[in-house]
Amino acid sequence: MATIAAVIVTFNRLEKLKTVIESIEAQARPVDALIIVDNASTDGTGQYLQGLPSSDRLEIVTLGSNTGGAGGFSTGMRRAYDLGHDFVWIMDDDCYPAADSLSELERGYDAAVGELGPDVPFACSLVNFVDGSICEMNNPETTWDWARLISRGQNSVMVKSCSFVSVLIPRWAIEKNGLPYAEYFIWFDDHEYTLRLTAICPGVQVLSSVVVHDMGDNRGVNFGMIDDRNAWKFAYGVRNEGSYRLHHQNVFSFLIFAARVVIGMKRGKVAWRHRVTMFGKLAQAVGFNPRRDFPQSLADA
């Protein structure tokens, strides 16, 4: 039987983290390991984690500084790989899986492999908001033939990318494609990584595997929404996506993205100080091009 390591990345969300851990422990299909990456939290998370009952399945990784979601997932996935697990199941510290989320995710992944072949690189869950509606920020990007598996009697759709809110990734995909770019820090790291994974074969969203994302406002984002509260996140997003469009696609794709940023900010009447910041991040993207990172055990092989 394949082994699965769950990886949770957390930063200053102790009460939500407790619910996530409870949800993991309540899985009908128990995880074989639980790796919690603490991104240098300052809200008592470290003390709480150190006080958890000792277990061979539990591993706490405490980082000396906040490396963002991207750095945390890279660290946790690397650790799961080095421990020898067959799959890694990754999620944020505000993702609450239903009791059958993992069992359905595993079943759906196996069924997709049976239909599409061994190159299926991941399976992700259906992500709902706390009120039961669809989570606007966590809808995967589907393929043109998204319903192919449904036509074959499966309850899954084919996707090109997804967010890091309950994703099951096989070991071989990490061996072949490396880890998420830790340098991205936050925003677009999940989109880039899952696009990287689906270069050969689509992933799948298993509709019977449901999780709740306990985020703030349930709404999508666009460049017209930049304000004093969120500008720091958009800055990372602009730099990261700009880098991807330029260095992993082409100049034309980068220019189209830059136009989207400029037009979106104009339509949203974003303050000029924030517009200037985003212009700078577009320029920074030109020289920002992280290299793929692989688990050390692969590098030493």
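The values are calculated or read from the model by the stated rules, or taken from the named source; none is laboratory data. All of these numbers come straight from a predicted model, not from anything done at the bench. Every residue, glycine as well, gets a Cβ built from its backbone with ideal geometry; the counts of neighbours run over all protein chains shown.
For the range 130-151, the count of residues that are touching a Leu at 6+ places or on another chain (Cβ under 6 Å) and either on the phi < 0 side of the Ramachandran plot or of a type outside the set (V, I, T) (or both) is zero. Applying a threshold of 8 Å to beta carbon distances and a minimum spacing of six or more residues, or different chains, the list of pairs starting in the range 93-110 at a residue that is farther than 13 Å from C124 by Cα and ending at one that is acidic (D, E) reads D94/D214; Y96/D214. Within the range 80-108, the only residue that satisfies the criterion of being of a type in the set (S, T, Y) and in contact with a Pro (Cβ under 8 Å, 6 or more places away or on another chain) is Y81. If you go through the range 45-65 one residue at a time, do you hit one that is modelled with pLDDT under 95, hydrophobic (A, V, I, L, M, F, W, C) and part of a loop (DSSP other than H, G, I, E, B)? Checking the range 45-65: at least one residue is modelled with pLDDT under 95, hydrophobic (A, V, I, L, M, F, W, C) and part of a loop (DSSP other than H, G, I, E, B). Within the range 1-44, if we keep just the residues that are in a loop (DSSP other than H, G, I, E, B) and closer than 22 Å to D82 by Cβ, the residue that is modelled with the lowest pLDDT turns out to be M1. How many residues does the range 138-172 hold that are surrounded by fewer than 22 Cβ atoms within 10 Å (Cβ to Cβ), part of a helix (DSSP H, G or I) and among the aliphatic types (A, V, I, L, M)? Residues meeting the conditions: 1.
Scanning the range 112-131 for residues that are small (G, A, S) and in contact with a Ser or Thr (Cβ under 7 Å, 6 or more places away or on another chain) turns up A112, S125. Restricting attention to the range 223-278, and to residues there that are surrounded by 13 or more Cβ atoms within 10 Å (Cβ to Cβ) and not in a helix (DSSP H, G or I), which single residue is farthest from the chain's Cα centre (by Cα)? Of everything passing the filter in the range 223-278, A271 is farthest from the chain's Cα centre (by Cα). Filter the range 22-61 down to the residues that are surrounded by fewer than 20 Cβ atoms within 10 Å (Cβ to Cβ) and under 19 Å from P180 (Cα atoms) and list them by number. Passing the criteria: only V61.
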